[in-house]
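The values are calculated or read from the model by the stated rules, or taken from the named source; none is laboratory data. Small disclaimer: the values here were computed from a predicted structure and weren't measured. As a convention, Cβ positions derive from the backbone with ideal geometry for all residues, glycine included, and neighbour counts pool all protein chains shown.
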Amino acid sequence: MGTMKLFLATLVTLAVSFSVDACPPADRAALLALKAALNEPYLGIFNSWSGTDCCTNWYGVSCDPTNQRVADIVLRGESEDPIFEKAGRSGYMTGSISPSVCQLDRLTTLVVADWKGITGEIPACIPSSLPILRILDLVGNQISGKIPADFGSLGRLTVLNLADNKLTGTIPPSIVNLGSLMHLDLSSNKLAGVIPSDVGKLTMMSRALLSRNQLSGSIPSSFANIYRLADIDISMNQLSGLIPAQLGSMPVLSTLNLDSNRLSGNIPSSLLSSAGLNILNISRNSLDGNLPDVFGSKTYFTVLDLSYNKLRGSIPKSLSLARYIGHLDLSYNHLCGPIPLGSPFDHLQASSFANNDCLCGSPLRTC
């Protein structure tokens with residue numbers, strides 16, 4: 001009788017340990033469906049996706065230790081992982097992201113990035129099915145279609161990186177409801193339409209990268225409401241209208257790239273007098289008027305590119321008061337008169353001043 005009790009106790013122990021240590025069969029099935037929709041021919045990263053326990057030694061998969069539910073999928077095609085180093089190549093994968101991923105409803109991280117050949121659309125079920133998703137990174141593929149309209153329901157999302165794909169349509173207006181979002185990168189797609197005017201509701205955001213799309217309309221002044229925003233890049237679009245003066249008053253903004261758009265009007269003096277901005281590129285627009293004479297001892301630009309505009313008048317003498325100016329480009333405007341003496345002009349080349357109406361002085365011809 002004692003032997004039977006011991007046998008039964010052992011069975012119970014095995015059953016409990018299996019239920020605690022092994023991932024749920026439904027999660028395993030969802031992962032296998034995800035694998036079936038993808039083809040990775042060179043590295044064999046999916047060879048480890050076998051056996052009953054997807055929480056142990058499945059490449060790129062990790063589980064919540066408290067309930068063994070799949071919590072993270074991290075598959076990067078450019079990695080320092082030994083698999084990549086041994087093969088001596090970056091990853092290449094074709095296929096698409098299966099909607100089966102939406103069955104993993106405790107997922108907090110979904111990274112399927114830099115595989116170059118993945119096509120198809122973003123599964124429309126993601127916003128409604130993955131309520132605790134914090135990181136969605138699909139950069140560097142060939143994903144097409146639209147960004148799901150209800151993306152704004154991903155209330156815990158901190159990183160949204162869909163850059164370097166072939167997405168079309170508009171930026172969903174609901175995106176401004178992502179109250180936890182810190183990093184937004186939609187650059188290098190084919191997105192059109194306007195930037196939501198109330199983008200300023202994204203109060204946690206530190207980077208807004210929207211370059212290389214087909215966005216039109218004006219730059220929302222509400223960007224200035226985002227206290228933590230350090231990096232705005234909306235270059236290479238079709239934006240028009242004025243540059244909001246409020247951008248120059250943002251407390252931690254250090255990089256502002258607005259080049260290659262259709263912006264017009266004067267350069268707000270607040271941009272050039274900002275003590276925090278150190279990269280400002282507003283080249284290749286239709287900006288006109290005089291350059292504001294507002295530089296001073298707190299001016300510190302590693303890059304100040306105002307080239308290919310319609311600026312007139314002279315170069316402000318206050319530029320020589322700047323604490324530091326690294327790369328300065330005033331070429332292809334309608335500037336006139338003598339180039340001021342001293343720093344930073346004494347270390348700049350003639351190309352910084354080329355193709356203006358009548359600039360003179362070193363490093364150009366003498367006045």
Inset, instruction - Go through the residues of region 63-71 one by one and say whether even a single one is part of a strand (DSSP E or B), in contact with a Leu (Cβ under 6 Å, 6 or more places away or on another chain) and at pLDDT 90 or above. - result: yes
Legend entry - Unique residue being buried (at least 18 other Cβ atoms within 10 Å of the Cβ), within 30 Å of Arg262 (Cβ to Cβ), free of Cβ contacts under 8 Å to residues at least 60 places away in the same chain and within 19 Å of the chain's Cα centre (by Cα) when the list is Pro173, Pro196: Pro196
Legend entry - So Ser297, is it of a type outside the set (Lys, Arg) and within 27 Å of Ala163 (Cβ to Cβ): no
Legend entry - Which listed residue is more than 23 Å from Gln238 (Cα to Cα) and surrounded by 14 or more Cβ atoms within 10 Å (Cβ to Cβ), from Gly342, Gly276: Gly276
Inset, instruction - State whether the residues of region 338-350 include one that is modelled with pLDDT under 95, assigned to a loop (DSSP other than H, G, I, E, B), hydrophobic (A, V, I, L, M, F, W, C) and out of contact with any Leu (no Cβ under 8 Å at 6 or more places or on another chain). - result: yes
Legend entry - region 289-325 - residue that is under 30 Å from the mean Cα position of the chain (by Cα) and closer than 19 Å to Asn266 by Cβ and, of those, surrounded by the fewest Cβ atoms within 10 Å (Cβ to Cβ): Tyr308
Legend entry - Lys201 vs. criteria without any contact (Cβ under 8 Å) to a residue 60 or more places away in the chain, of a type in the set (Lys, Arg) and touching a helix residue (DSSP H, G or I) at 6+ places or on another chain (Cβ under 9 Å): yes
Inset, instruction - Select from region 41-52 the residues that are at pLDDT below 95 and assigned to a loop (DSSP other than H, G, I, E, B) and write down the one among them that is surrounded by the most Cβ atoms within 10 Å (Cβ to Cβ). - result: Leu43
Inset, instruction - Residue by residue through region 135-157, note down the ones that are in contact with a strand residue (DSSP E or B) (Cβ under 8 Å, 6 or more places away or on another chain), in a loop (DSSP other than H, G, I, E, B) and surrounded by fewer than 18 Cβ atoms within 10 Å (Cβ to Cβ). - result: Gln142
Legend entry - Inter-residue pairs, beta-carbon under 8 Å, first on the phi > 0 side of the Ramachandran plot and in region 322-341, second in a strand (DSSP E or B), 6+ apart: Gly337/Gly313; Gly337/Cys358; Gly337/Leu359; Gly337/Cys360
Legend entry - Residue satisfying all of: in region 88-126; among the hydrophobic types (A, V, I, L, M, F, W, C) and in a loop (DSSP other than H, G, I, E, B); nearest to Leu38 (Cα to Cα) among these: Ile97
Inset, instruction - Could you list, in sequence order, all residues of region 170-206 that are touching a Pro at 6+ places or on another chain (Cβ under 8 Å) and assigned to a loop (DSSP other than H, G, I, E, B)? - result: Ile171, Pro172, Ile195, Pro196, Ser197, Asp198
Inset, instruction - State which residue pairs qualify: first residue under 14 Å from Asp259 (Cα atoms) and inside region 286-305, second residue part of a strand (DSSP E or B) and basic (Lys, Arg) in any location, beta carbons under 9 Å apart, and separation of 6 or more residues or different chains. - result: Ser286/Arg262; Ser286/Lys310; Leu287/Lys310
Inset, instruction - Filter region 316-336 for residues that are at pLDDT below 95 and farther than 21 Å from Leu258 by Cβ and give the result. - result: Lys317, Ser318, Ser320, Leu321, Arg323, Tyr324
